[in-house]
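A short write-up of the structure that comes next.
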Amino acid sequence: MMRLVLLARILLLLCLAASRTAAAKAKGKKSDAADELLYLTDSTLEVALEAHPLLLISVSVPGCGVCDAVDKRLRKAAPELRVKAKAAVKLGQLRIDSPDSPVLGRIVQGALSLPKLIVFREGEALDYTGDDSKESIVKTMLALASRDTVQTLRSVKQAERFLHLDSWSSQHADEEKPPRVVGFFPSNASAAYPVFRDTARKLQGLISFGECFDAAMQRKFLGAPAKKAVLQLVKADKRERKLTYQGPLAQPPLSRWVATHSVSLVQDLSTESSIESHMALGVPVFLLLMPDSYEDELTEMMVAFRAVASSVRERLLFGYGFKDTEPWPVFAQQLGI
């Protein structure tokens with residue numbers, strides 16, 4: 001009888017152990033399933049960019065506690081984004097051995113500070129504009145998922161708003177308005193259309209692109225329906241309100257033309273944001289950095305400076321700053337000037 005009781009107890013203990021093991025495995029599988037992040041390295045990033053048109057990654061290094069906290073919030077945001085964005089958004093973690101990653105060196109301008117969130121849209125890196133809370137990650141990425149790389153202009157009112165030609169813009173003429181690029185096409189079969197789309201993808205996040213196929217709208221903005229592609233840059237600058245591209249139909253020259261003509265001929269680089277936006281355009285910058293005492297002579301100097309800038313505009317950006325005035329002391333040190 002005692003042997004039977006002992007055998008029953010042994011069987012009960014074995015059943016309990018097996019049950020706990022199965023529960024632990026199930027819990028592990030559930031945890032793995034809930035973790036929807038991509039775990040990337042320098043060698044796998046390029047493949048991920050090709051597979052996911054809209055990707056947000058967190059850059060981290062081993063032992064970075066703050067980075068791990070951001071990754072935890074990404075994991076919490078991933079299931080909600082999968083449902084709300086219908087799988088259009090993917091989140092990932094890029095683990096690098098050091099901030100000197102050769103892959104990131106081609107993407108991030110200047111020194112890399114961690115943690116770092118980077119958006120990739122169609123393979124191109126964009127600034128992440130939200131904060132690192134779960135709510136902001138979801139909101140920011142949903143907004144990006146709902147926005148096309150090129151906005152299709154379907155009505156005159158929509159086009160006027162896009163080009164800052166509406167009544168609201170005229171009533172707020174003193175407010176800064178970003179430049180726009182608009183392409184007028186007979187159809188999307190036009191030879192210039194894929195070039196235009198490639199350029200928009202390359203410069204997304206820096207300048208907005210719109211496209212118009214409607215003949216009636218083209219008549220209003222061009223004077224006649226477009227028989228061939230017309231690519232224009234529209235700015236709030238009174239000197240250069242509307243510019244039409246006349247160069248070769250290829251992405252590199254069109255991108256450079258947009259980048260160099262979307263800003264003033266000579267730019268006052270007196271703020272950190274103006275310096276960073278110029279560097280982000282991907283065009284070499286000719287910088288006139290001078291002592292503060294030269295400010296009184298600036299008007300006379302600008303005549304010659306603008307003449308030089310105009311002659312080589314599509315190859316260089318031109319800017320000036322005063323070396324003793326913030327933020328230039330810090331930037332000059334970073335740039336080795």
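What follows is calculated from the coordinates using simple rules that are stated; it is not laboratory data. In this text the structure is predicted, and so the values were computed from the model without any measurement. Heads up, the Cβs are rebuilt from the backbone with ideal geometry, glycines too, and the neighbour counts pull from every protein chain shown.
Taking the Cα centre of segment 206-336 as the origin, how large is its charge dipole in debye, to the nearest 20, when only Lys and Arg (+1) and Asp and Glu (-1) carry charge on their Cβ atoms? Display every interim value, and only then the final one.
On the way: 14 positive and 15 negative charges, 243 e Å.
Dipole about the Cα centre, nearest 20: 1160 debye.
Taking R0 as 22 Å, what FRET efficiency do you get between GLU176 and GLN333 from their Cβ-Cβ distance, rounded to the nearest 0.05?
The pair GLU176/GLN333 has a calculated efficiency of 0.15.
When the chain is fully extended, how far beyond the present Cα-Cα distance does THR271 get from ARG82, taking 0.36 nm per residue of separation? Walk me through the intermediate numbers first.
Numbers: separation 189, 0.36 × 189 = 68.04 nm, distance 3.87 nm.
This chain segment gains 64.2 nm when fully extended.
Given a Förster radius of 25 Å and the C-beta distance between LYS323 and SER113 as r, what FRET efficiency does 1/(1 + (r/R0)^6) yield to the nearest 0.05?
E(calc), rounded to 0.05, equals 0.55.
Based on the Cβ-Cβ distance of GLU135 and SER311, what FRET efficiency does E = 1/(1 + (r/R0)^6) give at R0 = 45 Å, to the nearest 0.05?
0.35
Suppose the chain between ARG161 and ALA69 were pulled fully straight at 0.36 nm per residue; how much longer would it get relative to their current alpha carbon spacing?
Numbers: separation 92, 0.36 × 92 = 33.12 nm, distance 4.07 nm.
Gain in length upon complete extension: 29.1 nm.
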